[in-house]
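S.K.: Please find one structure pasted underneath; my questions will follow.
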Amino acid sequence: MGLQIADAVASSYFFALNTNDYGFTEDAYAKLILPRAYRHEGKLWGYGLKILPREAEERRRSGAILPGWEQ
């Protein structure tokens, strides 16, 4: 049962970051679970949410992916 929850969370973030065959992303589910992500001293990135590979994290910092998710 726990693995299914982990799969759902991972899938939510995967589809929020990766485009489908039509060039779209779906971030609605990721946004729903984002408030429940772990934060260390108020910082989400690198603690509750870690994006791999490094190129994806660089795109996130530049605002190319997940704009407005700096909570």
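S.K.: Just wondering, is there one or more residues in the stretch 32-39 that are modelled with pLDDT of 75 or more, touching a helix residue (DSSP H, G or I) at 6+ places or on another chain (Cβ under 7 Å) and not charged (D, E, K, R)? Explain how you work it out, then say what you get.
M.R.: Here is the first cut: in the stretch 32-39, the ones modelled with pLDDT of 75 or more are 32-39.
This time we only want the ones that are touching a helix residue (DSSP H, G or I) at 6+ places or on another chain (Cβ under 7 Å), so: 33.
Going one step further and asking which of them are not charged (D, E, K, R), we end up with 33.
Yes, some residue in the stretch 32-39 is modelled with pLDDT of 75 or more, touching a helix residue (DSSP H, G or I) at 6+ places or on another chain (Cβ under 7 Å) and not charged (D, E, K, R).
S.K.: Return yes when Gly23 is surrounded by fewer than 10 Cβ atoms within 10 Å (Cβ to Cβ), modelled with pLDDT under 75 and assigned to a loop (DSSP other than H, G, I, E, B) and no when it is not.
M.R.: Numbers: surrounded by fewer than 10 Cβ atoms within 10 Å (Cβ to Cβ): yes; modelled with pLDDT under 75: no; assigned to a loop (DSSP other than H, G, I, E, B): yes.
No; evaluated as a whole, the condition is false for this residue.
The values are calculated or read from the model by the stated rules, or taken from the named source; none is laboratory data. Given the structure is predicted, the values throughout are model-derived calculations rather than measurements. So basically every Cβ, Gly included, is an ideal-geometry build from the backbone, and we count neighbours across all protein chains shown.
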